[in-house]
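Trainee: Just dropping this structure here.
The values are calculated or read from the model by the stated rules, or taken from the named source; none is laboratory data. Keep in mind it's a predicted model, so treat the numbers as computed, not measured. So basically every Cβ, Gly included, is an ideal-geometry build from the backbone, and we count neighbours across all protein chains shown. Side chains are part of the model used for accessible areas, which takes the heavy atoms of the whole protein and leaves out ligands, DNA and RNA. Shrake-Rupley method; radii C 1.70, N 1.55, O 1.52, S 1.80 Å.
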Amino acid sequence: MQTTTDKTADSLELPKVDWLDRESNPEQFFKDLSYALSEYGFMVLANAPGLSDDFQQQAFREVRAFFDSPMDLKKTAHISNTPYFRGYSLPTPADRGHGQVIEAFQYGFEQDPLCDYDDKTQPIQNRLFRGPNTWPDDQSLPGFRPLIDDLNDRYHRLTHELGEAIVESLGEDVTAFREYFDFENPDLAASLNHNYSLEAFAEKDRANVHKEYKKFESDKVGAHIDGPPFIALLINDRPGLQVVAAEGQWINAPVTCRTAKGSYDVPVIPGSVIVNTGGTLMHLSEGRYSATLHRVNTTLIPEGETRVSMPYFLLPKMEGDLVPFGKSEADTVGAGGYESGRDRGANASVNRMGTFPQVTRRWWAEEYAELRQKQRDEVEAETQAAFKLAKERGERFKSKSN
């Protein structure tokens, strides 16, 4: 892959799929859906059910009210208070060599634990993913928890409705989706992210941040694929998200809800949601729909502002292999660097451990030490598989343009 040139496709946009076509023009809907996920791995779902502009405006008001609260209040919901990776994490330091300064709030379904977190007779995913959320003081922020519960329900329903449509677009039986995702018994890793602009960096460091983002490939700007989920959903209120597509170029994603005055340098599509292919779908479809490298570009966040995004990752059941659609148990080696026999529960768990070391040090240090190298190898394999599929997409783009 190229590493030194600034390849940003200002003239390209992510493909748009209109949810209303699902009923009024299904042929167009499935054509657009298949094109978006096969040629980009990302799309903008317009008229997303349950995520109208009015609802998104309310959501961003409540979430920004939380992030704008005094630090002492946010810390009442600190993520290290419990072993379940739920709650608030402080801004990452601007001087650690990364291109982002971000604070966040993690949440899931409000669930009773399946067992004690340190019960080693149980699979690690049963110990880590099921548990209560960690909430801030509800008297100070009375609308925050109700909003997140509402958002969770809306995202959950859309993931299932859209997930089944994606399976149908592949020519497969929609019941195949239900085999991996139980609506009534879900696992989830969802987040509220608050990214700071370049002003969060010392003036002497800003040129270096710009330099890293001008590279096509840098390990200092948080570029990644979403490995565990089938698809990821996201709403955002400021520019910043970029996606590798077309001929290996960074494409600027749109904003789904305008919450600030002035012009944005990217499209604004109210009432939409950004959708991307996860590693699970990449494997189950054998690469027909591939996961795509993406990042948040700090330099695109308008000066004097911050960016809030709300990504949602519904996880497949964690027992057994991922058998590609229409294949047998023996056919589990496919796209996405996936190998049969993988402990997917351990993989998803250690992914959380590596992302939030403050929780891991307190609750999961022993388990992380045992599992982290295998997980790193699997992430690398999935990422390289995504790069390979992206290169193939790029070749298709070149062929069509010649």
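Trainee: Condition check: open to solvent by 30 Å² or more (accessible area, probe 1.4 Å), under 23 Å from the mean Cα position of the chain (by Cα), of a type in the set (S, T, N, Q) and closer than 30 Å to residue 363 by Cβ. Does residue 126 satisfy that?
Mentor: Answer is yes for this residue.
Trainee: Which one is nearest to residue 393 (Cα to Cα), of the residues in the range 265-289 that are open to solvent by 10 Å² or more (accessible area, probe 1.4 Å) and of a type in the set (A, V, I, L, M, F, W, C)?
Mentor: Looking at residues that are open to solvent by 10 Å² or more (accessible area, probe 1.4 Å) and of a type in the set (A, V, I, L, M, F, W, C), I get 266.
Trainee: Yes or no: the range 103-112 includes at least one residue that is surrounded by fewer than 21 Cβ atoms within 10 Å (Cβ to Cβ) and in a strand (DSSP E or B).
Mentor: Yes, the conditions are met somewhere in the range 103-112.
Trainee: Here is a follow-up. Can you tell me which of 211, 220, 215 is touching a helix residue (DSSP H, G or I) at 6+ places or on another chain (Cβ under 6 Å), farther than 17 Å from residue 42 by Cβ and open to solvent by 10 Å² or more (accessible area, probe 1.4 Å)?
Mentor: 220
Trainee: Within the group 222, 240, 248, which residue is on the phi > 0 side of the Ramachandran plot and either of a type in the set (S, T, N, Q) or more than 18 Å from the chain's Cα centre (by Cα) (or both)?
Mentor: The unique qualifying residue is 248.
Trainee: In addition: Could you tell me which numbered condition residue 349 fails, if it satisfies all but one of (1) within 23 Å of residue 184 (Cα to Cα); (2) at pLDDT below 80; (3) hydroxyl-bearing (Ser, Thr, Tyr)?
Mentor: (2)
Trainee: Which helices (runs of 4 or more DSSP H) sit wholly inside the range 26-84 and have at least 2 residues that are closer than 30 Å to residue 396 by Cβ?
Mentor: 26-39
Trainee: Something else now. Residue 71 versus (1) open to solvent by 40 Å² or more (accessible area, probe 1.4 Å); (2) within 30 Å of residue 116 (Cα to Cα); (3) aliphatic (A, V, I, L, M): which is the lone unmet condition?
Mentor: (2)
Trainee: Just checking, does the range 277-292 include any residue being modelled with pLDDT under 90 and over 24 Å from residue 163 (Cβ atoms)?
Mentor: no
Trainee: If only one of 398, 327 is open to solvent by 20 Å² or more (accessible area, probe 1.4 Å), at pLDDT 75 or above and either charged (D, E, K, R) or in contact with a Leu (Cβ under 6 Å, 6 or more places away or on another chain) (or both), which one is it?
Mentor: Exactly one residue qualifies, and that residue is 327.
Trainee: Give the residues of the range 276-304 that are within 15 Å of the chain's Cα centre (by Cα) and either basic (Lys, Arg) or at positive phi (or both), sorted by residue number.
Mentor: Listed by number, the list holds a single entry, 295.
Trainee: Now, a different point. Please find, within the range 74-89, the residue that is farthest from the chain's Cα centre (by Cα) out of those that are open to solvent by 40 Å² or more (accessible area, probe 1.4 Å) and touching a residue at least 40 places away in the same chain (Cβ under 8 Å).
Mentor: 76
Trainee: Right, next: Of the conditions (1) surrounded by fewer than 20 Cβ atoms within 10 Å (Cβ to Cβ); (2) touching a residue at least 40 places away in the same chain (Cβ under 8 Å); (3) in contact with a Leu (Cβ under 9 Å, 6 or more places away or on another chain), residue 241 satisfies every one except a single condition; which number is it?
Mentor: (1)
Trainee: Would you point out which residue out of 285, 272 is under 21 Å from residue 46 (Cβ atoms) and polar (S, T, N, Q)?
Mentor: Step by step, each of 285, 272 is checked, and only 272 is under 21 Å from residue 46 (Cβ atoms) and polar (S, T, N, Q).
Trainee: Given the options 185, 193, 152, name the one that is surrounded by fewer than 15 Cβ atoms within 10 Å (Cβ to Cβ), under 22 Å from the mean Cα position of the chain (by Cα) and under 26 Å from residue 275 (Cβ atoms).
Mentor: When all the criteria are applied, what remains is 185.
Trainee: Sticking with this structure for a sec: How many residues are open to solvent by less than 20 Å² (accessible area, probe 1.4 Å), among the aliphatic types (A, V, I, L, M) and closer than 17 Å to residue 160 by Cα when one looks only at the range 20-43?
Mentor: Residues in the range 20-43 being open to solvent by less than 20 Å² (accessible area, probe 1.4 Å), among the aliphatic types (A, V, I, L, M) and closer than 17 Å to residue 160 by Cα: 3 in total.
Trainee: Next question, about the same structure. Just to be sure I understand the filter: pairs with C-beta atoms under 7 Å, separated by 6 or more residues or on different chains, first member in the range 370-391 and within 17 Å of residue 280 (Cβ to Cβ) and part of a helix (DSSP H, G or I), second member at pLDDT below 75 and of a type in the set (A, V, I, L, M, F, W, C). Which pairs pass?
Mentor: 385/335; 389/335
Trainee: In addition: Please specify each residue of the range 233-266 satisfying the condition of being polar (S, T, N, Q) and under 21 Å from residue 390 (Cα atoms).
Mentor: Within the range 233-266, 242, 249, 252 meet the criteria.
Trainee: If you check 232, 260, which single one turns out to be hydrophobic (A, V, I, L, M, F, W, C), more than 17 Å from residue 12 (Cα to Cα) and more than 18 Å from the chain's Cα centre (by Cα)?
Mentor: The conditions single out 260.
Trainee: Tally the residues that are part of a helix (DSSP H, G or I) and either open to solvent by less than 20 Å² (accessible area, probe 1.4 Å) or within 30 Å of residue 150 (Cβ to Cβ) (or both), restricting the search to the range 290-324.
Mentor: Result for the range 290-324: 2.
Trainee: Among the residues of the range 184-206, is there at least one that is part of a strand (DSSP E or B), touching a helix residue (DSSP H, G or I) at 6+ places or on another chain (Cβ under 8 Å), modelled with pLDDT of 95 or more and aromatic (Phe, Trp, Tyr)?
Mentor: yes
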